[in-house]
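S.K.: Dumping the structure here so I can ask a few things about it.
The values are calculated or read from the model by the stated rules, or taken from the named source; none is laboratory data. Remember, it's a predicted structure, so these values are computed and weren't measured experimentally. Counting neighbours? That spans all protein chains shown, and the Cβs are built from the backbone with ideal geometry, glycine included. Remember, those area values only see protein heavy atoms, side chains included, never the ligands or the DNA or RNA. Shrake-Rupley method; radii C 1.70, N 1.55, O 1.52, S 1.80 Å.
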Amino acid sequence: MENKNSIVNAETLRTWLEEDKPVFILDVRPREQREEWQIPGSHYLDAYERLNQGDNSVLDEIEIPRNSKVITVCAAGRTSQIASEVLRNKGVDAYSLEGGMKAWSLAWNKADIFFDSYKIIQLRRTGKGCLSYIIVSGNEAIIIDASLPIEIYKNILQQNKWNLTAVMETHIHADHLSRSKQLADNQNVELYLPTPNKVLFEHISIQKNQTFSLGEIILKVIATPGHTIESVSFLANNEVLFTGDTLFTNSIGRPDLKTDNDEARRRTGLLYESLQLLINMNDNIIVLPAHINTPVDFDNKPIMATIGEIKNKVPILKLDKSEFVETILAKLPPTPPNFLSIVEKNLKGDFSDINPVDLEAGANRCAIS
């Protein structure tokens with residue numbers, strides 16, 4: 001039976017990392033799971049099989065600093081419980097992460113980005129790599145690509161006395177459950193979605209070249225189809241570009257989800273044109289994407305890069321259209337886990353009948369580099 005005194009939940013561990021408390025995180029999953037996704041700063045021991053065979057001596061093979069608080073981690077919190085009990089019997093202050101990496105999929109941290117007349121809060125699901133944004137000017141706010149439980153956004157808004165005026169999405173997401181409809185309904189504000197889309201709930205359609213005003217910010221809509229047909233980017237004051245899953249800081253979005261071969265090729269061509277539009281903008285414009293393909297550290301450093309920096313480090317952007325299309329189609333990674341079910345839930349706008357972590361756990365697979 002699980003000892004409740006020897007476990008910690010994901011929120012507790014998240015808070016410890018955010019507060020920079022000294023913890024030694026020991027990942028005991030199979031190596032292939034570790035390579036898919038991991039907790040930033042964690043240490044690895046290939047112990048899963050031996051622990052489950054009763055060979056506890058495997059834990060002698062890792063050096064743990066004296067007087068460390070150790071958090072053991074596996075996929076669902078069972079093998080890590082074995083590891084933590086073994087360590088506790090050796091006098092180590094050890095705890096198992098309750099629910100394992102599955103529960104960790106909702107863990108988050110944030111980074112602030114300041115400009116002369118506004119600020120942007122980047123909220124990061126550290127395991128999944130999902131990035132959402134609160135844009136604030138004066139005391140007014142807009143939220144883009146909400147991917148966390150709505151209580152997190154509500155708490156930040158309330159703590160800062162910010163008035164939410166709208167919720168927006170860059171596209172219909174396939175790797176996480178969108179919280180945008182929930183948030184807009186709860187806060188009684190308008191929900192803006194790009195078109196064409198197949199959602200089954202009320203929203204306001206975003207139009208190409210439309211502009212939104214927020215305090216001293218002008219947010220311009222730029223159509224960037226390819227990753228999905230409806231994908232858009234948002235340009236704030238000609239200096240910050242929210243690119244959704246079209247352009248990342250070190251890669252580009254995949255164009256093949258929910259397509260056959262012919263449609264994937266057509267969308268790859270659209271993606272090329274959209275990327276050309278973006279990378280020919282001012283090199284100093286800051287790109288803020290909707291995802292990153294690595295775990296996000298608790299370092300308060302924004303995930304961002306300028307257009308100029310991205311052009312220099314993403315070689316695929318230098319290809320001509322025919323080379324681009326053939327290269328992308330040859331490099332498509334495995335599809336995100338459960339993406340068809342996630343898209344279905346996002347189109348319905350309701351996932352009250354399931355536990356989100358059951359669908360969302362796993363690495364992000366929206367990028368091609």
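S.K.: Based on this model, can you work out whether ALA290 counts as open to solvent by less than 70 Å² (accessible area, probe 1.4 Å), at pLDDT 95 or above, under 24 Å from PRO196 (Cβ atoms) and of a type outside the set (Lys, Arg)?
M.R.: The answer is yes for ALA290.
S.K.: Starting from the stretch 304-332, take each residue that is closer than 22 Å to ALA290 by Cα and list its partners that are of a type in the set (Asp, Glu), counting only C-beta distances under 6 angstrom and pairs at least six apart or across chains.
M.R.: From the stretch 304-332, the pairs are ILE307/ASP283; GLY308/ASP283; LEU332/ASP256.
S.K.: Within the stretch 129-151, track down each residue that is outside any strand (DSSP E or B), among the hydrophobic types (A, V, I, L, M, F, W, C) and in contact (Cβ under 8 Å) with a residue 40 or more places away in the chain.
M.R.: The answer is LEU148, and nothing else.
S.K.: Say we look at the stretch 329-369 and pick out the residues that are of a type in the set (Gly, Ala, Ser), more than 20 Å from LYS181 (Cα to Cα) and under 19 Å from the mean Cα position of the chain (by Cα); which of these is surrounded by the fewest Cβ atoms within 10 Å (Cβ to Cβ)?
M.R.: Checking each candidate, the answer is SER369.
S.K.: Quick one: which residue in LEU26, LEU13, LEU59, LEU17 is aliphatic (A, V, I, L, M), surrounded by 14 or more Cβ atoms within 10 Å (Cβ to Cβ) and closer than 13 Å to CYS74 by Cα?
M.R.: After ruling out the rest, the residue left standing is LEU26.
Here's the yes/no breakdown for (1) closer than 23 Å to ILE342 by Cα; (2) surrounded by 17 or more Cβ atoms within 10 Å (Cβ to Cβ); (3) of a type in the set (Ser, Thr, Tyr); (4) under 16 Å from the mean Cα position of the chain (by Cα):
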| position | (1), (2), (3), (4) |
| --- | --- |
| GLY99 | yes, yes, no, no |
| TRP104 | yes, yes, no, yes |
| ARG125 | yes, yes, no, yes |
| ILE144 | yes, yes, no, yes |
| TYR153 | yes, yes, yes, yes |
| ASN160 | no, no, no, no |
| LEU164 | no, yes, no, no |
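S.K.: Taking interchain pairs and intrachain pairs at least six residues apart, which have beta carbon atoms under 9 angstrom, with the first residue in the stretch 73-87 and under 14 Å from LEU13 (Cβ atoms) and the second assigned to a loop (DSSP other than H, G, I, E, B) and hydroxyl-bearing (Ser, Thr, Tyr)?
M.R.: As it stands, the answer is VAL73/SER42, since those pairs meet every condition given.
S.K.: Moving on. Any residue in the stretch 194-209 that's over 16 Å from GLY244 (Cα atoms): show its pairings with residues that are of a type in the set (Ser, Thr, Tyr) and assigned to a strand (DSSP E or B) at Cβ separation under 8 Å, as long as the two are six or more apart or on different chains.
M.R.: Going by the 8 Å Cβ cut-off, the qualifying pairs are HIS203/TYR192; ILE204/TYR192; SER205/TYR192.
S.K.: Let me ask something additional. Please specify each residue of the stretch 17-26 satisfying the condition of being over 13 Å from ILE64 (Cβ atoms) and either of a type in the set (Lys, Arg) or touching a residue at least 24 places away in the same chain (Cβ under 8 Å) (or both). Steps first, please.
M.R.: Residues of the stretch 17-26 that are over 13 Å from ILE64 (Cβ atoms), as a first pass: 17-21.
The answer is LEU17, GLU18, ASP20, LYS21.
S.K.: With the stretch 18-117 as the region, which helices (runs of 4 or more DSSP H) entirely inside it contain at least 2 residues that are at pLDDT below 95 and touching a helix residue (DSSP H, G or I) at 6+ places or on another chain (Cβ under 6 Å)?
M.R.: Counting at least 2 such residues, we get 100-104.
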